[in-house]
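Asker: Have a look at this one.
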There are 2 protein chains.
Amino acid sequence: MKLSSLQLARYQYQPKLPGMLRNGISEICVKDGAPTESVADQEKIKALFPNTYGKNEITFQKGANTSPAKKQVVGVILSGGQAPGGHNVICGLYDALKATNKDNVLYGFKGGPSGLLEDSYVIFDDEYIDQYRNTGGFDIIGSGRTKLETEEQFAVVAEVCKKHGITAIVIIGGDDSNTNAAVLAEYFAAHNTGVQVIGCPKTIDGDLKNEDIECSFGFDTATKTYSEIIGNIQRDANSAKKYWHFVKVMGRSASHVALEAALQTQPNICLIGEEVAAKKMSLAQIADYIADSVAARAAKGWNFGVAIIPEGIVEFVPEFSVLIAEINELLAGSKADAFNVLPSWEAKYAFIEAGLTKESMAVFAILPQSIQQQLFLERDPHGNVQVSLIESEKLFSAMVKENLAARKAAGTYNGKFSALHHFLGYEGRCAFPSNFDADYCYSLGYNAFMLIQYGFNGYLSKVSNLSKSAEEWVAGGMPITKMMNIERRHGHDKPVIRKALVELDGAPFKFFEANREQWAVETCYVYPGAIQYFGPSEVCDQPTRTLALEKA
Amino acid sequence: MKLSSLQLARYQYQPKLPGMLRNGISEICVKDGAPTESVADQEKIKALFPNTYGKNEITFQKGANTSPAKKQVVGVILSGGQAPGGHNVICGLYDALKATNKDNVLYGFKGGPSGLLEDSYVIFDDEYIDQYRNTGGFDIIGSGRTKLETEEQFAVVAEVCKKHGITAIVIIGGDDSNTNAAVLAEYFAAHNTGVQVIGCPKTIDGDLKNEDIECSFGFDTATKTYSEIIGNIQRDANSAKKYWHFVKVMGRSASHVALEAALQTQPNICLIGEEVAAKKMSLAQIADYIADSVAARAAKGWNFGVAIIPEGIVEFVPEFSVLIAEINELLAGSKADAFNVLPSWEAKYAFIEAGLTKESMAVFAILPQSIQQQLFLERDPHGNVQVSLIESEKLFSAMVKENLAARKAAGTYNGKFSALHHFLGYEGRCAFPSNFDADYCYSLGYNAFMLIQYGFNGYLSKVSNLSKSAEEWVAGGMPITKMMNIERRHGHDKPVIRKALVELDGAPFKFFEANREQWAVETCYVYPGAIQYFGPSEVCDQPTRTLALEKA
């Protein structure tokens, strides 16, 4: 067996383009929009991007193609974590490029931005591309996390472009990669290289979202895959009726993924990091909030439930952030040596007790021992606590267990609490893209080539009106600088694309907030099941709940 | 949102029956087969089942229904762990029962066998049943693990049956539950209660398999769900190219689930417990075997891979079984007290070192500390090590890491090894049943009612020829005693259904064995993707690879 039957069947799928791009390459023209400004810090951003700032938004429409006849040699890279649909961005780009001129060439630089620096590439042809249509993963050329951000790197990239006669680079990445795409575009413009840069909005985390990006690609498929699994776990919980499942989901700092999964599955509990921060909740308060649900359900005889925990949650708990900062300080540099030679955990614990403030020690003391040890024993090369490795699903279940023990002693709870833990992340980043992501990504790539063909530089490939059918989608481009503001990073002012956190007054959170009390106490589970590609449209073509609510 | 769009769509699915059951209730008659014998220990089994032993196998065929007109009142229970399709067994049973006589009644006893003992039930009607058609889970009436095995319990069950006028009980369960179904059937016959018992073969573990059971229901859907996830993880590994994923999969002792997942996804490594036992492999040998693949791939520049670890693996490692036995002995009863009061892990370690044999201490010493502590700190109420809780995926990755460090020191390995861990179990037990399981289960239930209607007792609902299209499936019944032999359990001889382990000379293992060397070193991943319900037949209706290979 070389390929699965689904993969073979998906090769036959023809992704849907926005209506305005469906009339063939010769019938796509540009409609100019208004000049743009950055969302904040306009003067500073303008000063940093003198050649690419303030350009017009554009959309494509049906009409005679007026782009100059010019052989295009395009390079494409995948940057950062995998997201379903990345292959289709490249397929759409390739198809538009070849449809425009069969002598056009598409280079795929391997292993992410480093492929561009190291001039490691493949040249795509039909046979190569056809193996990756409508498939998940980034294995078509691989990805990587090298950041393209220094002048030295840009000079190397310019050399590589010159060597191959490359006329444009397409960068498929998240907020950082698109920020860097804008900086590279400015560099190319300032140095009259003639090379254009186009960005495509990728991330399953959903935090690359703003006025111009309705959603990043991959979010749809990844959240549907996690929701499939969470729904299955819920059905198991509701059948066995004896476990509380604590399910941590990926998503970096923001809680978009957790929220979307909650909207799809209606679990008993879903924590939202942004709310925890806004309410300045402590770990104990969070545990108490969960324990309320456990106790209320136990009173009905239901000693089971499901809680979704966003990966980034602990960073949002103020007292925990302080604790982490103190630990980093306590073990900074050579101070760690004195700690490391202590012979037993007891001795280490005494060292910690002497070193932390009273407030942070109080937080530390309530943590389960396994988490305490993790904070001190697993540090990164700089000696810092690795927050992303903290098993927060186990942290909260352990704290809930203690909270319930106190309730039991007080006579206010008389149930059983048995917890199981899950972490969902790698399970969804490389799934076969849903029809939505397959269509959206193909359109992003196709559209990116049209932006190249019409000479745009420092633009984001923008496809919007996504809550409607693909026929009604709007394709065009937006200067990346429009999405930027200035933020303080590592002690320097930097122009960056603002990361989108969950908005507590946005429709998705409001819907969740209005229903969660009922979900916490009753059993309102929804079981989405596996992503379907061939069935009825209402099963196969639903956008995310987040998008549907935002656009309702 | 109350129900997912997939759930609504699946309500409309009409499960396929075997051809011989498709002509309507009035056209189903019995074709007698040969008398049966148990697979072993015939005299002993016969003596234990004087009233139900040796009956004929039967099949159904098209022909005038000659069953006596009799009002049937049937009770059904779900026993043990969830398996996709359980709801459809009940739906098929209900439909045949009502089609035969609309005054027939179906009781669902709640929470597993204990519902029968406690007379806790629902009476099904169309509205109730229709909510559960083609859905996953056992939430229709819940399940439980109480064993129905004593005379006292049987007497209670007989009372409950008498109270409701119940004429037959259908037990949906695994090997133990079907064994107990046979014992209950014998009790009912011996006591002239007139109540019949029919068993249905359920378990995702795949270990209820023999001459008469081609596969237990749920195995198809669960393994497809795990394979979806493993395929996604493989695609992620092959895209990021920096992690080795160790994926533990459910399946109790036997390695059927792991093997099927491996056949579907072609990972670099899949351990098979039965092979480990046959070859008397040590933990170190297993780690070395995995490390060989890691090193060979690293030599090609591939510092990534996927290894599937069956849940039951450690029980099959002879030296590990001895170690567990010694630990259980070392901490038996009050001996644990002296251990528990020791103040530090160091002191406890010394206690352990003094108490184990030299051989077992050598095994213990090579375990990672977290596993060492788990063995001693997490014991069941009887003081025994909880083998099923051992995180064997972490055990092997830690041992592989050490093995690779030694290779690096010896200059034979120069790669990077970074491991991630997954445990797949609850993710698949309650998925929406695949078309195969939806059809198979509905047929099992429908067929179970026909066995009841024709007066059979102590029979298994048997549907076979499953590797062919449903039209060609063969429906009938087989005395459960045929599958039995005598085994020594807790110091007593017991008649039980023989659990099926992976056969090392069977076609599925042979296929795996013939290919795994290539899979270990090359990247031959297959990405099955999510279960499809509506697409082309080759995508939606493939049986498991195990079944296809066994019947090839």
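Asker: Considering segment A:175-189 alone, what residues qualify as being open to solvent by less than 10 Å² (accessible area, probe 1.4 Å) and more than 22 Å from A:Val105 (Cβ to Cβ)?
Answerer: Scanning segment A:175-189 gives A:Asn178, A:Thr179, A:Ala182.
Asker: If I go through segment A:293-310 residue by residue, how many of them are among the charged types (D, E, K, R) and touching a Phe, Trp or Tyr at 6+ places or on another chain (Cβ under 8 Å)? Steps first, please.
Answerer: We begin by selecting, within segment A:293-310, every residue among the charged types (D, E, K, R); these are A:297, A:300.
Then drop every residue that is not touching a Phe, Trp or Tyr at 6+ places or on another chain (Cβ under 8 Å), which leaves A:297.
Of the residues in that region, 1 qualify.
Asker: Filter segment B:143-163 for residues that are surrounded by 19 or more Cβ atoms within 10 Å (Cβ to Cβ) and either outside any loop (DSSP other than H, G, I, E, B) or within 14 Å of another protein chain (Cβ to nearest Cβ) (or both) and give the result.
Answerer: Residues satisfying the conditions are B:Ser143, B:Gly144, B:Gln153, B:Phe154, B:Val157, B:Val160, B:Cys161.
Asker: Continuing with the same structure: Would you check which residues across segment B:315-346 are touching a residue at least 24 places away in the same chain (Cβ under 8 Å) and among the aliphatic types (A, V, I, L, M) and list them? I'd like the intermediate steps shown before the answer.
Answerer: Initial filter on segment B:315-346 (touching a residue at least 24 places away in the same chain (Cβ under 8 Å)): B:315-320, B:322-324, B:326-328, B:330-333, B:336, B:339, B:345.
Once the filter is applied, which keeps residues that are touching a residue at least 24 places away in the same chain (Cβ under 8 Å) and among the aliphatic types (A, V, I, L, M), segment B:315-346 yields B:Val317, B:Val322, B:Leu323, B:Ile324, B:Ile327, B:Leu330, B:Leu331, B:Ala332, B:Ala336.
Asker: Residues A:Lys224, A:Lys202: which one is touching a strand residue (DSSP E or B) at 6+ places or on another chain (Cβ under 6 Å) and within 14 Å of chain B (Cβ to nearest Cβ)?
Answerer: A:Lys202
Asker: Could I ask something else about it? Could you please tell me which pairs satisfy a Cβ distance under 9 Å, a separation of 6+ or placement on different chains, a first residue in segment B:237-248 that is more than 10 Å from chain A (Cβ to nearest Cβ), and a second residue that is of a type in the set (S, T, N, Q)?
Answerer: Filtered contacts from segment B:237-248: B:Trp244/B:Asn268; B:Trp244/B:Asn303; B:Trp244/B:Ser397; B:Trp244/B:Ser418; B:Phe246/B:Ser392; B:Phe246/B:Ser397; B:Lys248/B:Ser392.
Asker: Go through segment B:392-426 and give me each residue that's over 19 Å from B:Pro368 (Cβ atoms) and not hydrophobic (A, V, I, L, M, F, W, C).
Answerer: B:Gly411, B:Thr412, B:Tyr413, B:Asn414, B:Gly415, B:Lys416, B:Gly425, B:Tyr426
Asker: What pairs come out if I take residues in segment B:99-121 that are basic (Lys, Arg) and pair them with residues that are open to solvent by 10 Å² or more (accessible area, probe 1.4 Å) and outside any loop (DSSP other than H, G, I, E, B) whose C-beta lies under 7 Å away, six or more apart or interchain?
Answerer: B:Lys110/B:Tyr121; B:Lys110/B:Val122
Asker: Taking B:Ala222, is it in a helix (DSSP H, G or I), of a type outside the set (Val, Ile, Thr) and either in contact with a Phe, Trp or Tyr (Cβ under 8 Å, 6 or more places away or on another chain) or crowded, with 24+ Cβ neighbours inside 10 Å (or both)?
Answerer: Judged against the criteria, B:Ala222 is a match.
Asker: Among (1) in contact with an Asp or Glu (Cβ under 9 Å, 6 or more places away or on another chain); (2) surrounded by 15 or more Cβ atoms within 10 Å (Cβ to Cβ); (3) more than 25 Å from B:Val183 (Cα to Cα), there is one condition B:Lys62 misses while meeting the rest; what is its number?
Answerer: Of the numbered conditions (1) in contact with an Asp or Glu (Cβ under 9 Å, 6 or more places away or on another chain); (2) surrounded by 15 or more Cβ atoms within 10 Å (Cβ to Cβ); (3) more than 25 Å from B:Val183 (Cα to Cα), the odd one out for B:Lys62 is (2).
Asker: Scan segment B:485-535 for residues that are away from chain A (no Cβ under 14 Å) and touching a Phe, Trp or Tyr at 6+ places or on another chain (Cβ under 8 Å) and jot them down. Lay out the reasoning, then the answer.
Answerer: First pass over segment B:485-535, keeping only residues away from chain A (no Cβ under 14 Å): B:485-507, B:509-510, B:513, B:517, B:520-521.
Result: B:Pro495, B:Val502, B:Glu503.
Asker: Say whether the condition of being buried (at least 23 other Cβ atoms within 10 Å of the Cβ), within 25 Å of the chain's Cα centre (by Cα) and touching a residue at least 24 places away in the same chain (Cβ under 8 Å) is met by at least one residue in segment B:287-301.
Answerer: For segment B:287-301, residues buried (at least 23 other Cβ atoms within 10 Å of the Cβ), within 25 Å of the chain's Cα centre (by Cα) and touching a residue at least 24 places away in the same chain (Cβ under 8 Å): absent.
Asker: So which residues in segment A:340-360 are open to solvent by less than 50 Å² (accessible area, probe 1.4 Å) and in contact with a helix residue (DSSP H, G or I) (Cβ under 6 Å, 6 or more places away or on another chain), if there are any at all?
Answerer: Those that are open to solvent by less than 50 Å² (accessible area, probe 1.4 Å) and in contact with a helix residue (DSSP H, G or I) (Cβ under 6 Å, 6 or more places away or on another chain): A:Leu342, A:Gly355, A:Leu356, A:Ser360.
Asker: Within the group A:Ile123, A:Ile140, A:Ile129, A:Ile166, which residue is modelled with pLDDT of 95 or more and open to solvent by 30 Å² or more (accessible area, probe 1.4 Å)?
Answerer: It is A:Ile123.
Asker: Further, regarding this structure: Quick one: A:Leu184 ticks every box in (1) free of Cβ contacts under 8 Å to residues at least 60 places away in the same chain; (2) on the phi > 0 side of the Ramachandran plot bar one, so which box is it?
Answerer: (2)
Asker: If I filter segment B:508-536 down to residues being over 16 Å from B:Phe432 (Cβ atoms) and of a type in the set (Phe, Trp, Tyr), which single residue comes out as surrounded by the most Cβ atoms within 10 Å (Cβ to Cβ)?
Answerer: Ranking the qualifying residues of segment B:508-536, first place goes to B:Tyr527.
Asker: Now, a different point. State which residue is most open to solvent (accessible area, probe 1.4 Å) when the search covers only segment B:104-120 and only residues that are farther than 11 Å from B:Val76 by Cα and part of a helix (DSSP H, G or I).
Answerer: In this case the residue turns out to be B:Leu117.
Asker: Within segment A:121-142, which residues are of a type in the set (Val, Ile, Thr), in a loop (DSSP other than H, G, I, E, B) and out of contact with any Leu (no Cβ under 7 Å at 6 or more places or on another chain)?
Answerer: A:Thr135, A:Ile140
Asker: Let me ask you something else. Go through segment A:53-98 and give me each residue that's in a helix (DSSP H, G or I) and touching a residue at least 40 places away in the same chain (Cβ under 8 Å).
Answerer: Keep residues of segment A:53-98 that are in a helix (DSSP H, G or I), which gives A:86-98.
A:Gly86, A:His87, A:Asn88, A:Val89, A:Ile90, A:Cys91, A:Gly92, A:Leu93, A:Tyr94, A:Asp95, A:Ala96, A:Leu97 - these are the residues of segment A:53-98 that are in a helix (DSSP H, G or I) and touching a residue at least 40 places away in the same chain (Cβ under 8 Å).
Asker: Now for a separate question. Residues that are more than 14 Å from chain B (Cβ to nearest Cβ) and within 22 Å of the chain's Cα centre (by Cα): does segment A:425-440 have at least one?
Answerer: yes
Asker: Also, I was wondering about something else. Looking at (1) more than 14 Å from chain A (Cβ to nearest Cβ); (2) touching a strand residue (DSSP E or B) at 6+ places or on another chain (Cβ under 7 Å); (3) in a helix (DSSP H, G or I); (4) hydrophobic (A, V, I, L, M, F, W, C), which is the one condition that is false for B:Leu323?
Answerer: It fails just one condition, (2).
Asker: Continuing with this model, one more query. Counting only residues that are in a loop (DSSP other than H, G, I, E, B) and either within 22 Å of the chain's Cα centre (by Cα) or away from every other protein chain (no Cβ under 14 Å) (or both), how many does segment B:536-550 have?
Answerer: 4
Asker: Just give me the residues in segment A:1-50 being part of a loop (DSSP other than H, G, I, E, B), open to solvent by less than 20 Å² (accessible area, probe 1.4 Å) and within 14 Å of chain B (Cβ to nearest Cβ), in sequence order.
Answerer: A:Ser4 - this is the single residue of segment A:1-50 that is part of a loop (DSSP other than H, G, I, E, B), open to solvent by less than 20 Å² (accessible area, probe 1.4 Å) and within 14 Å of chain B (Cβ to nearest Cβ).
The values are calculated or read from the model by the stated rules, or taken from the named source; none is laboratory data. From a predicted model like this one, the values you see are computed outputs, not experimental measurements. Positions of Cβ are generated from backbone atoms using ideal geometry, with glycine treated the same way; all protein chains shown enter the neighbour counts. Each accessible area value is taken on the protein alone, full model and side chains, heavy atoms only, with ligands, DNA and RNA left out. Shrake-Rupley method; radii C 1.70, N 1.55, O 1.52, S 1.80 Å.
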